[in-house]
Amino acid sequence: MPVNRPLAAKKTHIDRIIDEDYGLTRLIYAYAACASYWLVFGSILGEYLGIRFAFPDFGVHPWLSFGRLRPAHTNVVFWGWASLGMIALALYVVPRTSQRKLYNERLAWVSLGMINISVFAGVVLLMNGVSNGGQEYREFIWPVMGLFVVALLLLTYTLFQTVAKRIIPEIYISNWYIMAAFLWTIVLAVTAYLPWYQYGLSETVIQGYYMHMGVGMWFTPMVLGLTYYFLPKLLNKPIYSYSLGVLAFWTQMVFYSLIGAHHFVFSPIPWWLQTVAIIFSVGMFIPLVAGTGNFLLTMRGSEGTIARSYSLPFIFVGVIFYFLASGQGTFEAFRSLNRIWHFTNFTIAHSHMTMYGFVSFLIWGGTYGLLPRLTGREPRHVLVGVHFWFALVGILIYGFSLMIGGTEQGENWISGAPFIDSVKVLSSYWLWRAIGGSLMLLSHLIFAYNVHAMGPQAAAKVAA
Amino acid sequence: MNLNFHENHRLLYGTVFFGFVVLTVIIAIGPALWVQDHNRPLQRSRPLTEQEQRGLDIYVSEGCLYCHSQQVRPLDVDSPFGRPSAPGDYARLKPQDLWRMTPGLLGTERTGPDLSDVAARQSSATWNYIHLFEPRAVVKDSVMQAYAWMFEIKASPGPDDIVVPVPPDYAPPGGHVVATQKAKDLIAYLLSLKQVPIPGSTTETAQPRGGGAGTTSEMGARIYASRCAGCHGQYGGGTPGVFPPLKGDPVVTAPDPSRHIATVLFGLRGKTINGVSYAVAMPAHKSLLSDAEIAAVINHERTSWGNNAPAVTSEDVEKIRKEGKEGSD
Ligand code: HEM
Ligand code: HEM
């Protein structure tokens with residue numbers, strides 16, 4: 001198809017199917033497809049919430065109320081979209097790098113069902129006003145989250161056995177990150193849901209830990225681990241430095257664990273806990289620089305390959321956002337800046353630059369890198385390009401409008417103006433957020449379509 | 001035994017798992033237990049009533065806390081919201097029931113104002129009902145969700161019904177707006193949100209809280225915005241038919257300030273102004289604001305929006321405070 005595309009380098013086609021395991025392919029596709037549906041659903045909720053800021057009387061049914069749908073949005077994109085999207089890729093990477101079949105496919109199917117039921121039930125309950133207590137990302141009541149955790153346990157078992165029965169002696173670095181993410185998240189969720197040490201303000205101590213470890217010990221190590229596989233694989237060269245990856249791993253584990261309290265700077269939780277959190281937030285630069293540096297140095301000299309690939313640009317953007325948005329997080333933790341930014345929309349910008357610019361882009365990169373090689377079905381390159389640009393421009397608009405708006409909001413409070421002025425200050429930025437959000441939502445519809453186009457059933461039909 | 005992390009999966013994953021468990025105990029469970037051990041409710045606080053507790057449940061399930069914090073930081077910028085929060089403020093919170101855990105009320109975002117001490121700022125139940133039914137009826141630029149479904153429209157309300165005097169522009173056709181039990185519980189909870197003093201601290205006595213830094217005229221404007229504008233309008237225009245305008249009001253523009261001062265100090269109910277009778281009570285501010293603050297906000301009202309009445313001093317306020325309600329009325 002020799003179309004003249006002045007804006008985009010012509011993308012290379014994949015040359016071969018790398019895996020013939022049809023059962024595993026179906027499993028991975030099922031995870032990726034479910035993830036893409038949750039992404040579309042979650043971003044419809046997000047876009048709706050965003051529009052509500054401009055038209056607050058838009059939808060007055062209790063099910064459509066802001067306070068019920070906001071946790072629905074966050075939990076759907078966390079547990080439905082990003083989690084399933086990452087697990088889909090992990091189910092490939094772990095067996096592949098262990099050079100062994102996935103230990104138990106059936107358990108993985110059961111887990112998929114359980115996660116879907118858990119997210120679905122959680123959303124229905126939230127829409128009916130059943131919330132665990134209003135703390136971010138633990139709004140699902142324990143039976144619902146329990147189901148999710150059991151699913152993680154089954155997956156952990158399956159993946160652990162796969163690694164344990166590996167043929168090669170080395171445990172590839174990806175499997176450090178991926179398995180650790182599963183183990184950490186199980187500890188994290190159990191800690192977060194046991195009630196005995198969570199009376200009064202203690203609940204907030206645990207919330208800081210949970211909220212940050214959710215992003216720092218689940219999403220972050222998972223996508224980093226996946227990238228340690230996909231980046232070298234897609235570039236067809238080894239990772240720049242294996243030991244940098246190991247250094248980043250241990251520092252990530254120790255430093256990230258200790259910084260949860262930075263979500264509650266200036267709050268009445270013990271001051272020393274906040275100080276520890278701030279200090280180690282600075283320490284986070286070590287794994288951050290080690291990780292990003294490693295990826296960027298691996299990419300060095302392969303600019304052409306990246307430009308010709310349709311999956312690598314996603315990974316490139318994800319790595320850049322990893323650096324910028326996590327670095328941004330460190331600055332938010334400083335008392336002097338927290339004073340301006342805390343409680344403002346700057347936080348919302350940060351959440352999306354990380355969970356979207358970093359985590360979601362890396363999942364997309366991996367998905368586009370993997371699925372066609374499993375099924376032999378490629379998405380239309382133009383549509384992947386549209387997905388890429390809409391998502392990128394969308395998140396940049398979203399992020400920058402709320403970073404500026406959030407800063408103005410914080411300064412407006414400090415100026416001592418009446419509170420309602422800070423709401424008025426934000427109104428135009430909220431409009432920009434809705435515009436960026438629309439682009440993002442559109443890109444997700446295209447992504448879901450692309451996943452469908454890469455699906456194995458279609459391939460089977462063609463073959464028949 | 002192979003002590004190489006790169007080759008021994010049991011060693012690697014065991015370290016990762018138990019290492020994280022240890023870190024969790026150090027940074028989360030340990031501190032949480034410590035905080036819990038040291039948590040005492042503040043002396044002058046009281047447990048929520050049954051109705052307020054139901055209101056708190058609604059507050060959580062409706063997700064009010066995504067936009068409203070209940071956490072005043074020890075920073076100047078937070079001073080309009082009350083005194084800095086202390087651990088004791090949250091000490092009575094506990095798991096709601098078998099299914100749901102301790103509500104996390106501190107919040108991480110402040111799309112709307114902090115509510116730790118909101119009952120001191122907005123003590124009028126009527127204002128709260130109107131605001132809950134349709135926030136824009138009292139705060140034009142609000143982006144808060146309207147909770148109209150917590151109200152019923154009744155053609156002829158019964159004697160026990162709480163009828164909400166919604167301003168004409170926002171009143172639904174075909175009847176009166178009547179609060180359901182949900183609305184009553186939620187408002188009861190909101191009206192319970194009043195900070196109690198921390199024993200031994202200076203906040204025991206009424207001290208300037210509305211203002212923060214700045215000149216007295218800035219302080220007056222700030223107090224007006226946070227405590228008066230909800231009912232009387234940001235530009236003194238009032239809320240038609242429900243709360244009177246202050247712009248051009250006979251008491252506010254009178255050369256003798258004593259009635260103006262008395263109204264702010266002791267509140268007012270059932271007055272007819274310029275032919276309109278206002279059924280809703282104005283709350284008293286004598287225990288909420290100091291003399292200097294009351295003087296500042298009164299002067300703001302007397303000199304804004306075209307009003308041009310002589311200023312008052314905190315001594316004037318002090319005098320009328322001493323005379324008490326009877327003396328001035
Ligand atoms: C169409 C795309 C999206 C739009 C328009 C959107 C919009 C929103 C809105 C309006 C909020 C509430 C902000 C507030 O309360 O002030 C929100 C919160 C949030 N969203 Fe999204 N969102 C989108 C996609 C996503 C995706 C894909 C993710 C994650 C992968 C995500 C993660 C979050 C998180 C973590 C929060 C909570 C932020 C915080 O409390 O700091 N969003 N989003
Ligand atoms: C060096 C690494 C990071 C640091 C030091 C950091 C720091 C922070 C801080 C201080 C806040 C709270 C801001 C406030 O409430 O004022 C925050 C919020 C948040 N961060 Fe990060 N961040 C880092 C990386 C990440 C990563 C990698 C992710 C996602 C994978 C992430 C996701 C979030 C989310 C979702 C929130 C919003 C939670 C909330 O509602 O408060 N962060 N971060």
* Asked: For the range A:184-208, which residues satisfy the criterion of being surrounded by fewer than 23 Cβ atoms within 10 Å (Cβ to Cβ), facing another protein chain (nearest Cβ under 7 Å) and in a helix (DSSP H, G or I)?
  -> A:V187, A:T191
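Here is a yes/no grid of residues against (1) closer than 25 Å to A:G134 by Cα; (2) acidic (D, E):
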| site | (1), (2) |
| --- | --- |
| A:L27 | no, no |
| A:A30 | no, no |
| A:W38 | yes, no |
| A:D57 | yes, yes |
| A:A72 | yes, no |
| A:N75 | yes, no |
| A:G85 | no, no |
* Failed item in (1) under 23 Å from A:M353 (Cα atoms); (2) away from ligand 2 (no atom under 16 Å from the Cβ); (3) surrounded by fewer than 24 Cβ atoms within 10 Å (Cβ to Cβ), with A:M253 passing the rest -> (2)
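Condition test on A:F316, is it at positive phi and of a type in the set (A, V, I, L, M, F, W, C)?
Spelling it out, it is not the case that A:F316 is at positive phi and of a type in the set (A, V, I, L, M, F, W, C).
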* Structure fact -> With the first residue restricted to the range B:279-294 and required to be acidic (D, E), and the second required to be outside any helix (DSSP H, G or I), Cβ contacts under 8 Å at 6 or more apart or on different chains are B:E293/B:P208; B:E293/B:R209; B:E293/B:G210; B:E293/B:G211
* Structure fact -> Note on the range A:60-72: residues more than 9 Å from chain B (Cβ to nearest Cβ) and either open to solvent by less than 30 Å² (accessible area, probe 1.4 Å) or at pLDDT below 90 (or both) are A:A72
* **Residue count for the range B:54-80, restricted to those that are touching a residue at least 24 places away in the same chain (Cβ under 8 Å) and either assigned to a loop (DSSP other than H, G, I, E, B) or more than 7 Å from chain A (Cβ to nearest Cβ) (or both)** => 17
* Quick one: in the range A:100-142, which of the residues that are open to solvent by 50 Å² or more (accessible area, probe 1.4 Å), at the interface with chain B (Cβ under 10 Å from one of its Cβ atoms) and without any contact (Cβ under 8 Å) to a residue 60 or more places away in the chain is farthest from ligand 1 (Cβ to nearest atom)? -> A:W142
* Yes or no: B:S123 in a loop (DSSP other than H, G, I, E, B), surrounded by 16 or more Cβ atoms within 10 Å (Cβ to Cβ), within 14 Å of chain A (Cβ to nearest Cβ) and in contact with a helix residue (DSSP H, G or I) (Cβ under 8 Å, 6 or more places away or on another chain)? -> no
* Asked: Given the residues A:S415, A:S351, which is the only one that is within 15 Å of ligand 2 (Cβ to nearest atom) and either closer than 15 Å to A:G318 by Cα or within 14 Å of chain B (Cβ to nearest Cβ) (or both)?
  -> A:S351
* Asked: Going through the range A:294-320 one residue at a time, which ones are within 16 Å of ligand 2 (Cβ to nearest atom) and open to solvent by 20 Å² or more (accessible area, probe 1.4 Å)?
  -> A:I320
* **Members of the range A:188-213 that are among the polar types (S, T, N, Q) and either within 16 Å of ligand 2 (Cβ to nearest atom) or more than 14 Å from B:W34 (Cβ to Cβ) (or both)** => A:T191, A:T204, A:Q207
* Structure fact -> Selection over the range A:329-352 where residues are within 10 Å of ligand 1 (Cβ to nearest atom) and assigned to a helix (DSSP H, G or I) yields a count of 7
* To do: Please work out if B:R40 is facing chain A (nearest Cβ under 7 Å) and either modelled with pLDDT under 95 or within 19 Å of B:I198 (Cα to Cα) (or both).
  => no
* Residues (within 12 Å of chain B (Cβ to nearest Cβ), β-branched (V, I, T) and open to solvent by 10 Å² or more (accessible area, probe 1.4 Å)) located in the range A:145-183 -> A:T156, A:I168
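The values are calculated or read from the model by the stated rules, or taken from the named source; none is laboratory data. The structure presented is a predicted model; accordingly, all values stated were derived computationally and were not measured. Cβ atoms come from the backbone with ideal geometry, glycine included; neighbour counts cover every protein chain shown. We work out accessible area using only protein heavy atoms, side chains counted, and drop any ligands, DNA or RNA first. Shrake-Rupley method; radii C 1.70, N 1.55, O 1.52, S 1.80 Å.
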